[in-house]
Amino acid sequence: MSHHIVEVINLQHKYPDGTIAIKDVSFRITHGESVAIIGANGAGKSTLLQHLNGCLEATSGQIRIGDTPLSKGTLPDIRRTVGMVFQNPDDQLFMPTVFDDVAFGPLNLGLVGTDVEKRVAEALIQVGAEHLRAKPPYHLSGGEKKRVAIATVLAMKPDILALDEPTSGLDHFARRQIMSMLREFHHTKIFTTHDLDMVLELCQRTIILQGGEIMADGPTGEIFHNDELLAACHLEKPFAMHGCPVCSRGAGAIAMIC
């Protein structure tokens, strides 16, 4: 199962204007882990994620997927292993129909005919979008585009899923569908998000970034119970961990009466 392992070693990324977006970041994610990368806006989450399948090239440091170091020579194999879903689905949808978009990856893997049909059908069913297969992507809603973008990656059958803000812009029903899909993906998954309730529900491990540096890396429950850490990183607890204000007022009133 070594090909499911993601290892980031002393990664640094400097933009052309001199801004250092990622500063000496290191971590190791093993097979089957579900890991959230969280942080305030501008923390470096998306920049970090886009290094995992070579969408961005590191200024220094190394990334290994299993036993394979990421390089220009290994990039095709790495991208077959690590499926990347971008925050903006328009960055992934460019074909005349949804079917064509989802079929694009399998066709490039050399699949043909019924094998492609099967891959497309399975991926669209996974995200609840099979009824959209004949539609042009530009006719879809934002939530529909998001689901189809995820389907384009699932159709490649990656060993590792990397998703940038997978539930942003989705209504409640679509969000639950995406969460259900992520729960059923039993290989390694890594995603950035501001949806901390999703993190609490799906991720055993959380990494907090701030200013391009790792501020915390550990069990999700422990991190979300660390009020001082969350405040320092400009984060708040998931809504599910907030006490009900009505119940709290009622408890206070009872205490006063007693």
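The values are calculated or read from the model by the stated rules, or taken from the named source; none is laboratory data. Keep in mind the model is a prediction, meaning the values are calculated, not measured. Please note: Cβ atoms are built from the backbone with ideal geometry, for glycine as well, and neighbour counts cover all protein chains shown.
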*Looking at (1) in contact with a strand residue (DSSP E or B) (Cβ under 7 Å, 6 or more places away or on another chain); (2) assigned to a loop (DSSP other than H, G, I, E, B); (3) among the hydroxyl-bearing types (Ser, Thr, Tyr), find the lone condition where residue 71 falls short.*
(1)
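Out of all the residues in the range 152-160, is one or more among the aliphatic types (A, V, I, L, M), within 27 Å of residue 8 (Cβ to Cβ) and part of a strand (DSSP E or B)?
Initially, the range 152-160 is screened for residues among the aliphatic types (A, V, I, L, M), giving 153-156, 160.
From the residues that got through so far, the ones that are within 27 Å of residue 8 (Cβ to Cβ) too are 153-156, 160.
Next, from what is left, pick out any that are part of a strand (DSSP E or B): 160.
Yes: the range 152-160 contains one or more residues that are among the aliphatic types (A, V, I, L, M), within 27 Å of residue 8 (Cβ to Cβ) and part of a strand (DSSP E or B).
One line per residue, one yes/no per condition, for (1) within 16 Å of the chain's Cα centre (by Cα); (2) closer than 18 Å to residue 85 by Cα:
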| site | (1), (2) |
| --- | --- |
| 10 | no, no |
| 15 | no, no |
| 26 | no, no |
| 37 | yes, yes |
| 40 | yes, no |
| 45 | yes, yes |
| 51 | yes, yes |
*How many residues are without any contact (Cβ under 8 Å) to a residue 60 or more places away in the chain and out of contact with any Lys or Arg (no Cβ under 8 Å at 6 or more places or on another chain) when one looks only at the range 71-101?*
16
*Taking the range 131-163, which residues are of a type in the set (D, E, K, R), crowded, with 23+ Cβ neighbours inside 10 Å and either over 15 Å from residue 101 (Cβ atoms) or out of contact with any Pro (no Cβ under 8 Å at 6 or more places or on another chain) (or both)?*
147
*What are the pairs, 6+ residues apart or on separate chains, where a residue within the range 163-174 that is part of a loop (DSSP other than H, G, I, E, B) has its Cβ under 7 Å from a residue that is at pLDDT 85 or above and among the charged types (D, E, K, R)?*
167/175; 167/195; 169/146; 170/146
_Cross-chain or 6+ apart pairs with Cβ under 7 Å, the range 11-29 first and in contact (Cβ under 8 Å) with a residue 40 or more places away in the chain, then of a type in the set (S, T, N, Q) and assigned to a loop (DSSP other than H, G, I, E, B)_ = 12/59; 13/59; 14/59
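Given the structure, is residue 112 of a type in the set (A, V, I, L, M) and surrounded by 22 or more Cβ atoms within 10 Å (Cβ to Cβ)? Before the answer, list the steps.
Working: of a type in the set (A, V, I, L, M): yes; surrounded by 22 or more Cβ atoms within 10 Å (Cβ to Cβ): no.
Spelling it out, it is not the case that residue 112 is of a type in the set (A, V, I, L, M) and surrounded by 22 or more Cβ atoms within 10 Å (Cβ to Cβ).
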_Condition broken by residue 84, with the remaining ones in (1) touching a helix residue (DSSP H, G or I) at 6+ places or on another chain (Cβ under 8 Å); (2) more than 21 Å from residue 184 (Cα to Cα) satisfied_ = (2)
*Restricting the search to the range 148-194, which residues are among the charged types (D, E, K, R) and either over 18 Å from residue 88 (Cβ atoms) or at pLDDT below 90 (or both)?*
157, 159, 171, 175, 176, 183, 184, 189
